[in-house]
Amino acid sequence: MRRWAKRALTSAAILAATGCPSRPSRPQPSAPSEPELRIGLSVDAPTASIGGAESGELFVSDMTGAAIGSIPTGVRWVSIPDSADPSRFRLIKPDSTRSALLRGIAVVNVTENRFVIANGRRYRGRINVTAGPGGLTVVNRVGLESYLAGVVGPEIGPRHSDEEAAVLAQAVVSRSFALKNRGRWEALGFDAYADTRDQVYLGVAVETPQVWDAVRRTTGQVLTYDGDVIDAYFHSTCGFNTAGVEEAFATARTRPYLRPVSDESGAGHYYCDISPRFRWREEWDGSKLRTILSRTLSTYTPISGDGLQRITDVTVSRTTKSGRVGELRIVFERGDVRIPGPDVRAVLRPDVDRVLSSGAFQLTVTKADGQVARLVAAGAGAGHAVGMCQWGAIGRARAGQDYRTILTTYFPGTKIEKLY
């Protein structure tokens, strides 16, 4: 997959230089075809359903290709792991008849212009169901372009006509991200999760003419650096400028194309200031702060049965190159804890089930009786801030920038190349 474009161009240059009419022409290298992706729709699930309303006729085979049967239109079969052997499962039909024990099945639609329905949602391509010790894994095998049709809409949202360059940019970024990370979850039997661990993929239901237009107009296009497909990170709102990858991810190595980029549009404004999360404010009273930190600090400091010591201060002890929090210092009556920048959003949570919007914020501390009585964070942006700022891309599209300009701005030094 990697360096396709570079190899193709090199081969073309050699042929042009050495070709001679008196010699038989050499066969041209075939262009790479569209890759197939395996998307993990559910993992270790207790059940999985195949078919249902408007599904069309589904053909079911085992993993060797041997036919099991067909599911009529509108009928649903349910997969349930075997209680004695969780590495196998049975298919349960509406009349309660059961199949023999199976290790896996493949499901395809044989009705024209219909799709496979898995767990109530429609998908292009085919569906595989396999069993493991933890339950059932449902995987959608689908062409990359069809996958993008179910990704771009959920990731960038519906956009007006003057914002279409942002949709085109999202299509290229999402394609690059998918190809770069292909095989990342090989141990689980698929390439990508269908959620925010990779990209949100919701199948046919979220496809729109706008999204398909963007996918088709950019078919095969990816971002490359030095001939390789890049790590194409993206996020909601940078707030003022993007961040270097090493600022957001503790184990990441620096990349020349993932460095801070200003989002300033002039006159004190920013392209992403149209975002509803451009600026934000969070507040904790002393009691709530103790409750949150008692849960989130357990991996950083021992917490006795009496709970945390009295919190006497919370400060930003270091900032990063892009102006974000590089280290957060939480001070107690005896000692302190220092939280590295990539972990700050998960530790200083507004609520137990919600991470802080971004790592770009300033703190105001109010004390009473020698301890923190009130903490306020005034922040900017949403997300990890690495790579393409989606609201910034929308603002740039409104300002007349095309998708190529948007992408090479957020990923400096990169090229847009067509792989297939």
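The values are calculated or read from the model by the stated rules, or taken from the named source; none is laboratory data. As the structure is a computational prediction, the values presented were derived from the model and not from experiment. Every residue, glycine as well, gets a Cβ built from its backbone with ideal geometry; the counts of neighbours run over all protein chains shown.
In segment 43-56, how many are at pLDDT 95 or above and on the phi < 0 side of the Ramachandran plot?
Summing the residues that are at pLDDT 95 or above and on the phi < 0 side of the Ramachandran plot in segment 43-56 gives 7.
Need the failing condition index for ARG23 against (1) assigned to a loop (DSSP other than H, G, I, E, B); (2) at pLDDT 50 or above, just the number.
With (1) assigned to a loop (DSSP other than H, G, I, E, B); (2) at pLDDT 50 or above applied to ARG23, the lone miss is (2).
Whether any residue in segment 276-287 is of a type in the set (S, T, N, Q) and assigned to a helix (DSSP H, G or I) is what I want to check.
Checked against the condition, which is being of a type in the set (S, T, N, Q) and assigned to a helix (DSSP H, G or I), segment 276-287 yields at least one hit.
So which of ILE339, ILE406, ILE416 is within 21 Å of ALA165 (Cβ to Cβ) and assigned to a strand (DSSP E or B)? Break it down stepwise before answering.
Values: ILE339 fails: within 21 Å of ALA165 (Cβ to Cβ); ILE406 fails: assigned to a strand (DSSP E or B).
Result: ILE416 is the single residue among ILE339, ILE406, ILE416 that is within 21 Å of ALA165 (Cβ to Cβ) and assigned to a strand (DSSP E or B).
Surrounded by fewer than 15 Cβ atoms within 10 Å (Cβ to Cβ) and acidic (Asp, Glu): is that true of ASP95 in this structure?
Values: surrounded by fewer than 15 Cβ atoms within 10 Å (Cβ to Cβ): yes; acidic (Asp, Glu): yes.
Considered against the rule, which asks whether it is surrounded by fewer than 15 Cβ atoms within 10 Å (Cβ to Cβ) and acidic (Asp, Glu), ASP95 comes out as yes.
Outside any loop (DSSP other than H, G, I, E, B), on the phi > 0 side of the Ramachandran plot and either surrounded by fewer than 22 Cβ atoms within 10 Å (Cβ to Cβ) or free of Cβ contacts under 8 Å to residues at least 24 places away in the same chain (or both), is that true of GLY74?
Values: outside any loop (DSSP other than H, G, I, E, B): no; on the phi > 0 side of the Ramachandran plot: yes; either surrounded by fewer than 22 Cβ atoms within 10 Å (Cβ to Cβ) or free of Cβ contacts under 8 Å to residues at least 24 places away in the same chain (or both): yes.
So GLY74 does not fit the description; no.
Mind checking which pairs have a first residue in segment 192-208 that is at positive phi and a second that is assigned to a loop (DSSP other than H, G, I, E, B) and not acidic (Asp, Glu), Cβ under 7 Å, 6 or more apart or different chains?
Close Cβ pairs satisfying both conditions: GLY203/GLY150.
Being modelled with pLDDT of 95 or more, hydroxyl-bearing (Ser, Thr, Tyr), within 21 Å of the chain's Cα centre (by Cα) and in a loop (DSSP other than H, G, I, E, B) narrows it down to one of THR251, THR224, THR219, so name that one. Don't jump to the end; show me each part of the working.
Details: THR251 fails: modelled with pLDDT of 95 or more; THR224 fails: in a loop (DSSP other than H, G, I, E, B).
Selected residue: THR219, the only one of THR251, THR224, THR219 that is modelled with pLDDT of 95 or more, hydroxyl-bearing (Ser, Thr, Tyr), within 21 Å of the chain's Cα centre (by Cα) and in a loop (DSSP other than H, G, I, E, B).
Name every residue in segment 296-320 that is surrounded by fewer than 17 Cβ atoms within 10 Å (Cβ to Cβ) and over 22 Å from THR366 (Cα atoms), in order of residue number.
Hits for segment 296-320 are SER298, THR299, TYR300, THR301, PRO302, ILE303, SER304, GLY305, ASP306.
So which of VAL204, VAL229, VAL222, VAL245 is of a type in the set (Val, Ile, Thr), outside the structural domain of ILE117 (by TED's automatic domain parsing) and under 17 Å from HIS384 (Cβ atoms)?
VAL245
Check segment 321-330 and report whether any residue there is among the polar types (S, T, N, Q), surrounded by fewer than 18 Cβ atoms within 10 Å (Cβ to Cβ) and within 30 Å of PHE240 (Cα to Cα). First the steps, then the outcome.
Pass one, segment 321-330, residues among the polar types (S, T, N, Q): 322.
Filter again for surrounded by fewer than 18 Cβ atoms within 10 Å (Cβ to Cβ), leaving none.
Scanning segment 321-330 turns up no residue that is among the polar types (S, T, N, Q), surrounded by fewer than 18 Cβ atoms within 10 Å (Cβ to Cβ) and within 30 Å of PHE240 (Cα to Cα).
In segment 203-212, is there at least one residue being among the small types (Gly, Ala, Ser) and crowded, with 23+ Cβ neighbours inside 10 Å?
Keep residues of segment 203-212 that are among the small types (Gly, Ala, Ser), which gives 203, 205.
With crowded, with 23+ Cβ neighbours inside 10 Å added as a condition, the list becomes 203.
Yes - at least one qualifying residue is present in segment 203-212.
Would a scan of segment 168-176 turn up a residue that is touching a residue at least 60 places away in the same chain (Cβ under 8 Å) and not in a helix (DSSP H, G or I)?
no
Which one is surrounded by the fewest Cβ atoms within 10 Å (Cβ to Cβ), of the residues in segment 77-92 that are more than 14 Å from ASN119 (Cα to Cα) and of a type in the set (S, T, N, Q)?
Of everything passing the filter in segment 77-92, SER83 is surrounded by the fewest Cβ atoms within 10 Å (Cβ to Cβ).
Filter segment 266-291 down to the residues that are surrounded by 14 or more Cβ atoms within 10 Å (Cβ to Cβ) and under 27 Å from the mean Cα position of the chain (by Cα) and list them by number. Working first, answer last.
Start the filter on segment 266-291 by keeping residues that are surrounded by 14 or more Cβ atoms within 10 Å (Cβ to Cβ), which leaves 270-275, 277-280, 282, 284, 286, 288-291.
Selection gives TYR270, TYR271, CYS272, ASP273, ILE274, SER275, ARG277, PHE278, ARG279, TRP280, GLU282.
Could you grab me the full set of residues in segment 340-361 that are in contact with a strand residue (DSSP E or B) (Cβ under 8 Å, 6 or more places away or on another chain) and either surrounded by fewer than 23 Cβ atoms within 10 Å (Cβ to Cβ) or among the polar types (S, T, N, Q) (or both)? Spell out the reasoning first.
First pass over segment 340-361, keeping only residues in contact with a strand residue (DSSP E or B) (Cβ under 8 Å, 6 or more places away or on another chain): 340-341, 344, 347-348, 350, 356-361.
Result: PRO340, GLY341, VAL344, VAL347, PRO350, LEU356, SER357, SER358.
All but one of (1) within 23 Å of PHE249 (Cα to Cα); (2) more than 16 Å from the chain's Cα centre (by Cα); (3) crowded, with 24+ Cβ neighbours inside 10 Å hold for SER174; which doesn't?
(2)
Within the group ARG318, ARG324, ARG310, which residue is farther than 23 Å from ASP285 by Cβ and in contact (Cβ under 8 Å) with a residue 60 or more places away in the chain? Break it down stepwise before answering.
Working: ARG318 fails: in contact (Cβ under 8 Å) with a residue 60 or more places away in the chain; ARG310 fails: farther than 23 Å from ASP285 by Cβ.
The match here is ARG324.
Residue under question is ARG159, and the condition is that it be of a type in the set (Lys, Arg), more than 17 Å from the chain's Cα centre (by Cα) and either surrounded by fewer than 24 Cβ atoms within 10 Å (Cβ to Cβ) or not in a strand (DSSP E or B) (or both); does it hold? Quick ask: steps written out before the conclusion?
Values: of a type in the set (Lys, Arg): yes; more than 17 Å from the chain's Cα centre (by Cα): yes; either surrounded by fewer than 24 Cβ atoms within 10 Å (Cβ to Cβ) or not in a strand (DSSP E or B) (or both): yes.
So ARG159 fits the description; yes.
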